[in-house]
1. When you scan segment 381-395, do you find a residue that is over 24 Å from the mean Cα position of the chain (by Cα), more than 22 Å from residue 273 (Cα to Cα) and either modelled with pLDDT under 95 or surrounded by 17 or more Cβ atoms within 10 Å (Cβ to Cβ) (or both), even just one?
2. Would you mention how many residues in segment 468-493 are assigned to a helix (DSSP H, G or I) and either surrounded by 14 or more Cβ atoms within 10 Å (Cβ to Cβ) or at pLDDT 95 or above (or both)?
3. Which of (1) under 21 Å from the mean Cα position of the chain (by Cα); (2) assigned to a helix (DSSP H, G or I) is the odd one out, the single condition residue 37 does not satisfy?
4. Going through 359, 351 one at a time, which residue ends up being crowded, with 21+ Cβ neighbours inside 10 Å, in contact with a helix residue (DSSP H, G or I) (Cβ under 9 Å, 6 or more places away or on another chain) and within 22 Å of residue 243 (Cα to Cα)?
5. Pick out the one residue from 71, 102 that is within 22 Å of the chain's Cα centre (by Cα), in a helix (DSSP H, G or I) and buried (at least 21 other Cβ atoms within 10 Å of the Cβ).
6. Assuming residue 457 fulfils every condition listed in (1) out of contact with any helix residue (DSSP H, G or I) (no Cβ under 7 Å at 6 or more places or on another chain); (2) free of Cβ contacts under 8 Å to residues at least 60 places away in the same chain; (3) within 30 Å of residue 362 (Cβ to Cβ) apart from one, which condition is it?
């Protein structure tokens, strides 16, 4: 029973999924009610996640961890899911498809459940099952607006890339199981500590498993699905994938590498720093991905005119920045990634919300739709400017704090050349974000352009994302403390 008590957030999500489908069957003529049922279910889930604060244990025979690290990412995912449900209630793409709305919200809940399990997975079998639950739900949601010409194409590409990466990852896991005879992370670590494995086999297994992680976080060269899926999927789902799915992927990857490859025998290191077993340099593999990801993401984004594709490549670049924290082999690096994700949640969802608002009212996602937006709708334009400046990492926005702690951790670990690469990429990103600002404030609106009036709730949602983006750039101590505590307790069972 103790296991089930600690599994309450996931249980609530499962119940919400079932109730959403039942409510949809009962109220077939008013499917919009399912959105509020989903919202209430997610709020209840958030309450039970908050109650898990301070707990650090493993449940179901070591399959899932309930610790501050998992709770941090569950909080992040639940808040993101709540915001996406609100987005969906004002999205033309979702609201014009009443016949499929029940499935939309039900799959959104199942996707959230998969991400919760990814955040706490401490067994390779649970890791794969959680990843597949998330992926299968997102494949369908990516092709939700099947009336759009690029929607089915996006879904098909997503399935193909997902199937290939999952297959490669499973092959890597089978090699790792053959080397250690264990599936639990701690068991794999013990087996590797007792006797040195075949180095070539371990390297091959790690590379194959990284393929699965790379696909989930949109790292180069496993990013090919991202631009097409982000463009073809509904904006609400694109925003959810860009934040929550990426966060769950990072949580899973960080737990996997730290627990499995940490050398617990070496204690003569500064507090919060660890070393890898047999000096197995898995982080050198990830640093290559980090540099490729941030560089390609930023360079290709420069040429984009579709705002969803631009933010897709921007999202790829941000995955590259966050990978810098993973490779440092320190609690400081992990904490920096956690801080970055909180800031990224508000600024990225805010940018996608503006894209959704403009698309709702103009029918276009092209950069030309933003001509003279500063005069037509000052609130939307100022909020978008704030989100873009934050994504660039300029003070006094939340994005600056995220990048400050990330680069501080990189410099503290003496990866000076990596910090330079990251800084250069941040400068490149300023160019394509500034293009949007130029269209909004320095270009005259077209003659047939009209003001973009906002519904009162839309204004509140916009402010609810814009205010934290500015506030967390000025006052961020609680987030930093929470991230540091989550990183320090991480992996201790």
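The values are calculated or read from the model by the stated rules, or taken from the named source; none is laboratory data. Bear in mind that the values here come from a model prediction, so they are computed numbers and not experimental data. All Cβ positions, glycine included, derive from the backbone under ideal geometry; neighbour counts span all protein chains shown.
1. Yes: one or more hits.
2. Qualifying residue count, segment 468-493: 15.
3. Residue 37 satisfies all of (1) under 21 Å from the mean Cα position of the chain (by Cα); (2) assigned to a helix (DSSP H, G or I) except (1).
4. Going through 359, 351 in turn, just one is crowded, with 21+ Cβ neighbours inside 10 Å, in contact with a helix residue (DSSP H, G or I) (Cβ under 9 Å, 6 or more places away or on another chain) and within 22 Å of residue 243 (Cα to Cα): 351.
5. Going through 71, 102 in turn, the sole match is 71.
6. (2)
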